[in-house]
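Notes follow once the structure below has been shown.
Nothing in this text is a laboratory measurement; each read-out follows from the coordinates by a stated rule. All values derive from a computational prediction rather than experimental measurement. Cβ atoms come from the backbone with ideal geometry, glycine included; neighbour counts cover every protein chain shown.
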Amino acid sequence: MTGAGIIYQCPWCKGSIDRGKDYWRCQGCGHAFEVRRGVPILDIGVKQKAEHQPLWAKSPSSGSITVDDPDKFLDEVEQKGWRVALGNLWGASSTALMRTVAANRVAWKYLLDINNSWKALDIGAGTGGVACQLAKECSVVALEKSWCDAAFMHLRAQQENLPSFQAIVADATSLPFEPNQFDLATMVGALEWVPFGWPEKPPREMQLQALREVCRILKPGGSFFLGIENGLYFGYFLGLPEVHTNIQFISLMDKKQAEILSQDLRGRPYLELTHSKDEYIELFKEAGFDEIQPFWLYPDYAFIHYIIPLDRPNIIKYFIAEHLDPRDTEPSLYRFYRFLDPSVVSNHIQFFGFLAQRPKGK
Amino acid sequence: MISIIQRYIYEHIDDWPVEVRQSRHLLPLLRSNINYNFVENYPLITRVIFWFGEGDNYPSLVSKIMDKSIKLESIKRCITFQEGLNKKMGYPLYPRIFDIAEISGNIILFEEVVKKSTYETELKRAICGPERSLAHLERVIRRQFNEMGGLFRQLQDMPTSDKPRQWGEWAYKLGQDFRDTSGFGTNFLSDAHLERMRRAINSVPLPQTPVIADLVCPNIFPGPRLIDNIIPDIDELNAQLPGVINVFRFMVTYFYSPPISEIFKDWLYALIVAITDKEGQTIIGPPVRGILSQVGLEPDRSEVIWAFVMAATFFEMKDKLEFYRESPFMIGGKKGEFRQWTNRLVEIQKFIGSNKSFDPKPVIWAQDSLRTQEPPALSFNLFKKAILSLFPSFMRPALIKLYRKFYPKFSTILYLRKGR
């Protein structure tokens, strides 16, 4: 499993990399990157206490594998198979496990013309919910901050017989790839976690840096799909806790107020930043993307049932009238959707999907 | 892939009878079948794209991305069957398919749009929407059963065999096959139960008539206009099944699927109450008895009707077990659910034999939740709220959950046991 034809570069000095069995070494600065259980560790982010359990893995919504002894867990994955091992860890019918296998998680692939010559990069790949499914159709590099998750994906890909798959540990803000290589990059439920690698830096800046990096490694005309929560979701106005922080109203607040509230309640900064539709579009533009298309991923980005273009009020109106399921939605939210103007609704839905392109001429 | 399909449409749309305001600027709304999530490699799954003209409030065209395992030959056979049925019916029962194309290794169908809400959407609005009310639900159920009854009656008038047949052996074998597939033992579903079902069905010889392939009623188009009605073995299905199974598969799927199942949690009990509800005490009695009369079955012969319900439920359960066979995440839960259903089918069969009547009160109470204009998940009267207030607040959600889980079943079991 090589991630066919991808050219790596040193995340520190951008030099070329020699790939060995146990270490990858930079020809420029001489930095050696360990290859542990088949997974190269090319991370330059802040070292966490335990490398395999980064800070965000503690969040219940992160979907990351949190175990005391990763090697023991990975041995179990090797011996019993990944489904059984993950089932033992999370529960055989847990939502987290279903998220890992849900085929509809990549339903957005129909928006693109993927073929087997494509090279795709999945950033924040978790346990491979997106990456392993994409790897059935094209070459995939799955990038994770957590070594345990990356090593798990490496084993999963072996067991699923996915030859064009490479899992690596790296930081989204300094991608270890030469420019202009990928046809597709994806970040599904990952951009909001990027600032965790850099807690002392402004979170929006780090998110922007990650998007700039994505734009750099994409081929001109290459596509980027982002799946992410809306900071201005209707439910948050009604008092539903923000999903990443479990704190009410935090994503609606002024950033300074939100920071104070986060410190008061959790004793740590507010890093898991989500934005409004227009703010995401602004981020994309600043990062250098164009042809940005926003979509409503319903009911969420893990179990996509509908993909609705958000720039067309007539389609939103039709979807709400004919397909929106009142049983999937809080009654008060359902009433908002039914009775408000579709253009207002489009700003307050829960899950966004954005499809953007790196400009062809650049 | 969508852009390739879009290009194909632009090249061909002038040849199809499609009305679009701007036929060169179509926009997609993509719908994926959610059952696909945990069931990989099942051949019947489709992805549907609704195409909208610029500013149009309704889609103008539907394209369906068929699973790669479905071969063009099977699709053509299904289309021939559908077109034949449309011709016989004198109106397009199935949506017209304008074109079939192979794009990026997938077969794509291009179909007309039926500009009506689906049965499921209508039911959701009547039960869970802001416009919910008991009267609204009653109207919707009555109309939907009436429409489907008319359709089934027309199908009944198109016999494909010369003389009526006894279908008891078929039902008996279906029950045995289901028992083998599910792994439920003979203690659970004995030969005696199946034999009783066989005898009851044999007492009503019926002609063979066309079968509707997929009757998962709450679906994307009203009635039989479904998204997944292309199946590889349509001819086999037609050769094996009695046409009357249409009616019972429709009723069974209607009652076990949400949102109806959210009102009538013990749906099999609700169904038998509806079948035996001569006086129209429940909202479901008249439509259910009406559809049976429409296809020439006598609703008062409840043992025969229940035997057909059993056969249709075995058919559905066997089908679902096949569907979820390779899904380690779903199969366990489904088997547990089907064990309960089988148990209930047998209990009710026994009860019918004892000539006692079914008490409609649990069904009336269940439907009465809609009088309060609260959606079913929230319905809870003041008396229960007062009792709950005696418990500490952290215990209340669990108590409500327990109550909702066990009350409907518990109450109907009491009625069955007491034989009121």
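A few remarks follow.
- Inter-part distance where region A:220-250 and region A:80-106 are each reduced to a Cα centre, Å: 24
- Residue ranges B:168-175, B:301-308 sort as B:301-308, B:168-175 when ordered by packing (mean number of other C-beta atoms within 10 Å per residue, highest first).
- Mean-position separation - Cα centroids, region B:288-347 and region B:153-188, in angstrom: 12
- Region B:2-111 shape via C-alpha gyration tensor axes, a/c threshold 1.5: oblate
- Pairwise label distance in nanometres, B:Lys116 with A:Gln293, each label 7 Å out on the Cα-Cβ vector: 3.2
- Which listed pairs, of B:Lys278/B:Lys356; A:Lys14/A:Lys145; B:Lys71/B:Lys173; B:Lys64/B:Lys115; B:Lys265/B:Lys334, have C-alpha distances above 21 Å, in listed order: B:Lys71/B:Lys173
- Residues in region A:220-234 that a label on A:Ser332 would reach, taking backbone N under 18 Å of a point 7 Å out along Cα→Cβ: A:232-234
- Shielding by partners, peptide B:126-137 (average Cβ within 10 angstrom, other chains): 2
- Inter-chain Cβ neighbour count for A:314-327, averaged per residue, equals 6 (cutoff 10 Å, partner chain atoms only).
- Straight-line cross-link partners of A:Lys72 among the aspartates and glutamates, defined as a Cα under 14 Å from its Cα and at least 8 positions apart when in the same chain: A:Asp149.
- Inter-part distance, region A:150-218 to region B:243-286, computed on C-alpha centroids, equals 52 Å.
- A Förster distance of 45 Å, applied to the separation of the beta-carbon atoms of B:Asp14 and B:Asp177, puts the FRET efficiency at 0.35.
- Under a Gaussian network description of chain A, with springs only between Cα atoms under 10 Å, the residue in A:Arg156, A:Arg25, A:Arg335 that fluctuates furthest is A:Arg335.
- Counts of other chain beta carbons within 10 angstrom of each beta carbon in peptide B:109-118 average 1.
- Among the listed pairs B:Lys116/B:Lys318; A:Lys80/A:Lys119; A:Lys277/A:Lys317; B:Lys68/B:Lys335; A:Lys109/B:Lys318, those beyond 22 Å (Cα-Cα): B:Lys116/B:Lys318; A:Lys80/A:Lys119; B:Lys68/B:Lys335; A:Lys109/B:Lys318
- Distance between modelled label sites at A:Asp68 and B:Glu73, nm, 7 Å Cα→Cβ extension: 6.0
- The ranking of A:Asp171, A:Asp18, A:Asp264 from fewest to most other beta carbons within 10 Å of each one's beta carbon is A:Asp264, A:Asp18, A:Asp171.
- What the Cβ-Cβ distance of A:Leu265 and A:Leu240 gives, at R0 = 25 Å and to the nearest 0.05, is a FRET efficiency of 0.95.
- Between B:Trp365 and A:Lys285, the modelled label-to-label distance comes to 6.1 nm, taking each label 7 Å out from Cα in the direction of the beta carbon.
- The B:Ala192 and A:Lys80 beta-carbon pair, evaluated with R₀ = 45 Å, returns a calculated FRET efficiency of approximately 0.60.
- Packing around the peptides A:69-75, B:62-68, A:302-308, A:322-328, taken as the average count of other Cβ atoms within 10 Å per residue, puts them in this order, highest first: A:302-308, B:62-68, A:322-328, A:69-75.
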